[in-house]
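Each value in this text was obtained by applying a stated rule to the coordinates, not by laboratory testing. It should be emphasised that the depicted structure is a prediction, and the values quoted were computed from it without experimental measurement. Cβ atoms come from the backbone with ideal geometry, glycine included; neighbour counts cover every protein chain shown.
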There are 2 protein chains.
Amino acid sequence: MKPKRPAGIQQAGAQPVTLRDVAQAAGVHTATASRALNPKARQLVNAETVRRVVRAAETLGYQPNPIARSLKTSKSATVGLVLPDLTNPLFPPIVRGIENVLEAAGYSALIVNTDNDPDRERALIESLRSRQVEGLIVATARLEHPLLRQLQEQDVKIVLINRRIENLQMPFVVGDDATGIALAVKHLVDLGHTRIAHIAGPQITSTGLDRSRAFRHAVRDYGAAEDPALIVECAHWSEGDGAGAMRELLDRGSGCTAVVAGNDLIALGCYDVFAERGISCPEDISVVGFNDMPFLDKLRPPLTTLGVPHHELGAEAARMLLDCIEEPQRHPRSLLLPVSLVVRDSTAPPRT
Amino acid sequence: MKPKRPAGIQQAGAQPVTLRDVAQAAGVHTATASRALNPKARQLVNAETVRRVVRAAETLGYQPNPIARSLKTSKSATVGLVLPDLTNPLFPPIVRGIENVLEAAGYSALIVNTDNDPDRERALIESLRSRQVEGLIVATARLEHPLLRQLQEQDVKIVLINRRIENLQMPFVVGDDATGIALAVKHLVDLGHTRIAHIAGPQITSTGLDRSRAFRHAVRDYGAAEDPALIVECAHWSEGDGAGAMRELLDRGSGCTAVVAGNDLIALGCYDVFAERGISCPEDISVVGFNDMPFLDKLRPPLTTLGVPHHELGAEAARMLLDCIEEPQRHPRSLLLPVSLVVRDSTAPPRT
DNA sequence: TTGTACGCGTTATCAG
DNA sequence: CTGATAACGCGTACAA
């Protein structure tokens, strides 16, 4: 008595149709209906029955309840995406690459922004885990990262993107930083520069460290000046820090005619200082960025930089994570994606 | 026999600790533990018992399983966020504003990108709903939007952001487009311009329509030329469409000395055409954008535009949606957030 | 104030 | 091949 689902009411404020409704309509047991609808178990059931069930499901507009399914299977079809800050123009294309792949596999991403705050990071990852994410794509890795080590020990599936961790077997997808920097330095040397400076990103990130190492190698290989006074480090990948470093380079009289910036944001900081001090680019100083974030071609002057396939970076990371989830035993792979030099107007021969 | 949870194993590959574990450790029934941990029901249980349970929960590191809770309460603590495209620089700050508010309330956002494709939009919203989102924040609204109307009839909670729907009571949070455009036109008139053009965004969006209406009013109010040849419409909010419109304005000999662009992207398209044709800005033509997206100050020339409080837009929309969820009966409010003119170097007096 | 019993919607494991 | 039954972890009437 008191039927939960009044007959004849199917539309509007309708209660969602459940597997039981479908089973009932098809005249089978819920278990059978479940099997008939589940591709992986469909083979266990009579083809004719499958047809009946599928038709019933269609006419009723049945939508499986993923929450109930998750509870039973303890799979959430969800992964966590841990970013420093979504408003950094680097990340939106990565996110779209990730979601493209995830979407096709029926997965969704939960995005969190750590603002580079370790406490916040810990709390956010905690909350992600409590939401039963099946894995993590992490873009906040530092070379030393106890939290991530610890998660790995707890068998949390993790793929690193854009940054590696030192001395730890954890799959990652990054751009080929070393080759990129070499390309930049060669470009400047070919233009005739000999005193080339480097404004390095934070050396606690692999991206920062790899790029500055590559810079040192490249100036040696291509015969430019190897002068420690030509290298400054930033504490953050930001415009402000880039500006600070550029000022220092100028103030210490480094005599550089070109700058390889750790990334585009840092290069923008250089632009700010040029404006401050009436330095013209590229006539006085050439600049190369890294990442080719959007709208760089509209700057004054358009910025020469290194193009990184961000969308693909994201897509590959997502694929890799799905692999880890499906085949937990598989040996962790990593990927180095090629970068390319994008020459614009911020680089030119030095003043003679 | 065969205890599911081998005693003594608590760390590493540990099974997640459940409410039962907590109850057991505290020597109470799960129901009591549940109540003790639930702020809304805590009052029903002895203060001392609460303490015991809470302590047990803490020492065991108990994390409620949100999936099980969702199944029971049919609340997912999740909302859907429907965007055209996350890589449009307009959206990341909005997203962060939304997530800030959501996070504090224990909610998460599931983000989807429609790429302005209605079929894709329908499918994505479907998938969002099947994931039991409790509401939607939608940034893809068009003035006519049957899908959204239909969802509203099904009592789906929706808050519109950045765009309205015509003739439909649906809460929205938008910038004050009309005032913004008036500010821009006044600024140009004050500078001495009389032939001011408008490159309008798509008129199927409220943002496009409201801005072009406001433009017509403003030129009248401030005494600038009211010439239909000074208005061109774009099919999309894109750089390419902006460029096309600018070319048309030039080719039809409109004689404009200033352009009010529908948004920053369209203004960027104008810049492209200026470069193509050797027109200098602001000397030959002044340009005003809309939105103040990041890095506009680095353009050649830095773009005068209208600052919209994107972060707040997002935050308010999220708050509004949470209100709708908590008090379904509440009358739908809407919000118009103030915008401000950001004067940079792309506007100057006309050539005399 | 606390315990009992049940159900949310689904899938897995049994029998039959 | 299909049906019955139990269980995932939690919240909540209801009874004690």
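Packing around the peptides A:121-130, B:38-47, taken as the average count of other Cβ atoms within 10 Å per residue, puts them in this order, highest first: A:121-130, B:38-47. By other beta-carbon atoms within 10 Å, ranking A:Asp119, A:Asp264 with the fewest at the front produces A:Asp119, A:Asp264. Ranked from shortest, the separations from the 7 Å Cα-to-Cβ label point of B:Val343 to its equivalents in the other copies are 4.2 nm. Here the alpha carbons of region A:59-198 define both size measures, Rg and Dmax, at 19.3, 74 Å. Once the C-beta distance of B:Ala47 and B:Asp117 is scaled by a Förster radius of 51 Å, the resulting FRET efficiency is 0.35 to the nearest 0.05. Size descriptors for the protein assembly as shown: radius of gyration and Dmax over Cα atoms are 28.8, 96 Å. Going 7 Å from the Cα of B:Ala104 toward and past its Cβ, which residues in region B:318-343 have a backbone nitrogen under 16 Å from where you end up? Residues B:318-324 qualify, since their backbone N sits under 16 Å from the label point. Rounded, prolate or oblate: which fits region A:155-194 when a ≥ b ≥ c are the square roots of the eigenvalues of the alpha-carbon gyration tensor, with rounded for a/c under 1.5 and prolate only if a/b beats b/c? Prolate, because a/c is 1.5 or more and a/b exceeds b/c.
For region A:220-281, which semi-axes, largest first and in whole Å, follow from the square roots of 5 times the eigenvalues of its Cα gyration tensor? The partial results should precede the final answer.
Details: eigenvalues 71, 38, 23 Å².
After scaling each eigenvalue by five and taking roots: 19, 14, 11 Å.
Can you tell me how region A:130-255 classifies by the Cα gyration tensor, rounded, prolate or oblate, using a/c under 1.5 as the rounded cut? Since a/c reaches 1.5 and a/b is larger than b/c, the shape of region A:130-255 is classed as prolate.
Counting lysine pairs in chain B that sit 8 or more residues apart in sequence, or on different chains, and whose Cα atoms lie under 22 Å apart gives 4.
To the nearest whole percent, what portion of all C-alpha pairs in region A:283-348 is separated by more than 16 angstrom? Can you show the working numbers first?
Numbers: 1226 of 2145 pairs.
Of the Cα pairs, 57 percent sit more than 16 Å apart.
Ranking B:Gly192, B:Thr205, B:Cys256 by Cα position along the charge dipole of region B:177-308, where only Lys, Arg, Asp and Glu carry charges on their C-beta atoms, puts B:Gly192 farthest toward the positive end.
Here the chain B residue lying nearest the rotation axis onto A, judged by its C-beta and given with the distance in whole angstrom, is B:Arg300, 2. Distance from the alpha carbon centroid of region A:183-198 to that of region B:133-168 works out to 54 angstrom. Based on the convex hull around the alpha carbon atoms, region B:99-164 presents an average projected area of 4.6 nm².
Using the 10 angstrom Cβ neighbour count as an exposure proxy, how do A:Ile279, A:Ile98 rank, fewest first?
Values: A:Ile279 15, A:Ile98 28.
The order, fewest Cβ neighbours first, is A:Ile279, A:Ile98.
For region B:244-352, state which GluC sites (Glu not before Pro) are in a DSSP loop and have at most 16 other beta carbons lying within 10 Å of their beta carbon. Filter output for region B:244-352: B:Glu283. By other beta-carbon atoms within 10 Å, ranking A:Phe274, B:Phe215, A:Phe172 with the fewest at the front produces A:Phe274, A:Phe172, B:Phe215.
Each principal axis of the Cα cloud of region A:19-64 was taken in turn, and the coordinate range along them, longest first, works out to 23, 18, 15 Å.
The alpha carbons of chain A give a radius of gyration and a Dmax of 26.8, 96 Å, in that order.
May I ask for the Rg/Rh ratio of region B:177-308, computed from Cα atoms with Rh as the Kirkwood radius, given to two decimals? Present the calculation step by step, with values, prior to reporting the outcome.
Working: Rg = 12.9 Å, Rh = 14.1 Å.
When Rh is taken as the Kirkwood radius, the ratio is 0.92.
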